[in-house]
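Enquirer: So that we are looking at the same thing, I have put the structure below in structure tokens.
The values are calculated or read from the model by the stated rules, or taken from the named source; none is laboratory data. This is a predicted model, so every value here is computed, not measured. So basically every Cβ, Gly included, is an ideal-geometry build from the backbone, and we count neighbours across all protein chains shown.
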Amino acid sequence: MAVCYRDLGLVNTREMFAKAMEGKYAIPAYNFNNMEQLQAIISACVETESPVILQISKGAREYANQTLLRYMAQGAVEYAKELSGGNAIPIAVHLDHGPDFDVCKSCIDFGFSSVMIDGSHLSFDKNIEETRKVVEYAHQHDVTVEGELGVLAGKEDDVEAEEHIYTQPDEVEEFVKRTGVDSLAIAIGTSHGAFKFKPGTDPKIRLDILAEIERRIPGFTIVLHGSSSVPAELVAIINQYGGKLKDAIGIGEDQLRKAAKSAVCKINIDSDGRLAMTAAIRRVLAEKPAEFDPRKYLGPAREALKELYMHKNVKVLGSAGHAFD
Ligand code: G3H
Ligand code: 13P
Ligand code: ZN
């Protein structure tokens, strides 16, 4: 039987994005696969009073089971209420990189409040066709839809792209009009994972292309994927305690801050959370080799994650303090 996200206490992204556009900040979109990640996201966002988008990828659905994830997300609303003493922050549950109509439909029927249909590997016309189909179904249920134009370099689910294919500004207006999407993910030099730039190259994203896209579709919500900053201190801790992450480079916080002040209203971050958890776990296991209670390393990992998300909300995305605008 189909479930409506509103009955779970969730919201879609429409109002979140309108407020973020107006207030010149970006909503954090954090991926989760397990309880500790979810607890860290919710407690960080409650404490900083930030709205939040909980992202579930195809890989997360396979890893954790989509029924469990759905109930966890539903539980997150109650958890947020409990932490804040009654009034929950706005929480959306979003399908990250939906591969096709069927997966998007199943998530909508399953209580997701927002979905991404990632047709970025299709031709322009096929991308429009698939995206339009998802929008028609989603909007009947008041679920919001993110589309994507342009291809991010790096690995994304099972698809690997060698080079960036930047979003072409002269395609965005037609794409947005013909599909009816609520937001558009663009490729301007961000990429997934912890190795976003080659050492020795200038680690810059193309804010000029972003500005041109904004000029073509003024006031329309833009999304940035692949926006982890890959903090050097986390990479150093991982390597200090036996890890081997060579030449890991992310997107500078200054560039993300600029983007968040523009029409970019949603910023996707996953890898930084993975780094924070891994660094904390490696440290505990190296310093206390006799430890074998998972709570003794997952607890510090959760604490490190929470700190990371609070920092992002306050210092990078600017979403802190906007939960009850
Ligand atoms: O876009 C990719 C996200 O980081 C999700 O990663 O597909 O490994 O869960 P995943
Ligand atoms: P990062 O790998 O940079 O964290 O990007 C995550 C993302 O875009 C999820 O869709
Ligand atoms: Zn992504």
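Enquirer: Tell me which of these Lys315 doesn't satisfy, since it passes every other one: (1) of a type in the set (Lys, Arg); (2) more than 22 Å from Leu38 (Cβ to Cβ); (3) touching a Ser or Thr at 6+ places or on another chain (Cβ under 6 Å).
Expert: Single failed check for Lys315: (3).
Enquirer: Another question about this same structure. If the requirement is being free of Cβ contacts under 8 Å to residues at least 12 places away in the same chain and either closer than 30 Å to Val46 by Cα or away from ligand 3 (no atom under 14 Å from the Cβ) (or both), which of these qualifies: Gly85, Gly147, Gly98, Gly111?
Expert: Working: Gly147 fails: free of Cβ contacts under 8 Å to residues at least 12 places away in the same chain; Gly98 fails: free of Cβ contacts under 8 Å to residues at least 12 places away in the same chain; Gly111 fails: free of Cβ contacts under 8 Å to residues at least 12 places away in the same chain.
Among Gly85, Gly147, Gly98, Gly111, only Gly85 is free of Cβ contacts under 8 Å to residues at least 12 places away in the same chain and either closer than 30 Å to Val46 by Cα or away from ligand 3 (no atom under 14 Å from the Cβ) (or both).
Enquirer: Now, a different point. Could you tell me whether Ala323 is in contact with a Pro (Cβ under 6 Å, 6 or more places away or on another chain), more than 16 Å from ligand 3 (Cβ to nearest atom) and in contact (Cβ under 8 Å) with a residue 24 or more places away in the chain?
Expert: The answer is yes for Ala323.
Enquirer: Next up: Taking Ala26 and the conditions (1) touching an Asp or Glu at 6+ places or on another chain (Cβ under 7 Å); (2) small (Gly, Ala, Ser); (3) surrounded by 23 or more Cβ atoms within 10 Å (Cβ to Cβ), which numbered condition does it fall short on, given that it satisfies the others?
Expert: Result: Ala26 passes all but (1).
Enquirer: Please work out which residue is surrounded by the fewest Cβ atoms within 10 Å (Cβ to Cβ), limiting yourself to segment 218-233 and to residues that are within 16 Å of ligand 2 (Cβ to nearest atom) and not hydrophobic (A, V, I, L, M, F, W, C).
Expert: Among them, the one singled out is Pro231.
Enquirer: Residues that are within 16 Å of ligand 3 (Cβ to nearest atom) and of a type outside the set (S, T, N, Q): which helices (runs of 4 or more DSSP H) entirely in segment 227-309 hold 1 or more of them?
Expert: Result: 253-261, 271-287.
Enquirer: Could you grab me the full set of residues in segment 2-19 that are in contact with a Gly (Cβ under 9 Å, 6 or more places away or on another chain) and either not charged (D, E, K, R) or not in a helix (DSSP H, G or I) (or both)?
Expert: Result: Ala2, Val3, Cys4, Tyr5, Leu8, Leu10.
Enquirer: Could you please tell me which pairs satisfy a Cβ distance under 6 Å, a separation of 6+ or placement on different chains, a first residue in segment 55-68 that is more than 16 Å from Cys104 (Cα to Cα), and a second residue that is within 15 Å of ligand 3 (Cβ to nearest atom)?
Expert: Tyr63/Asn33; Ala64/Asn33
Enquirer: State the number of residues belonging to segment 85-126 that are surrounded by 17 or more Cβ atoms within 10 Å (Cβ to Cβ) and either in a loop (DSSP other than H, G, I, E, B) or modelled with pLDDT under 95 (or both).
Expert: 11
Enquirer: With the structure loaded, tell me whether Lys266 is away from ligand 1 (no atom under 16 Å from the Cβ), within 18 Å of the chain's Cα centre (by Cα) and within 30 Å of Ile217 (Cα to Cα) or whether it fails that test.
Expert: Numbers: away from ligand 1 (no atom under 16 Å from the Cβ): no; within 18 Å of the chain's Cα centre (by Cα): yes; within 30 Å of Ile217 (Cα to Cα): yes.
For Lys266, the condition - away from ligand 1 (no atom under 16 Å from the Cβ), within 18 Å of the chain's Cα centre (by Cα) and within 30 Å of Ile217 (Cα to Cα) - is not met.
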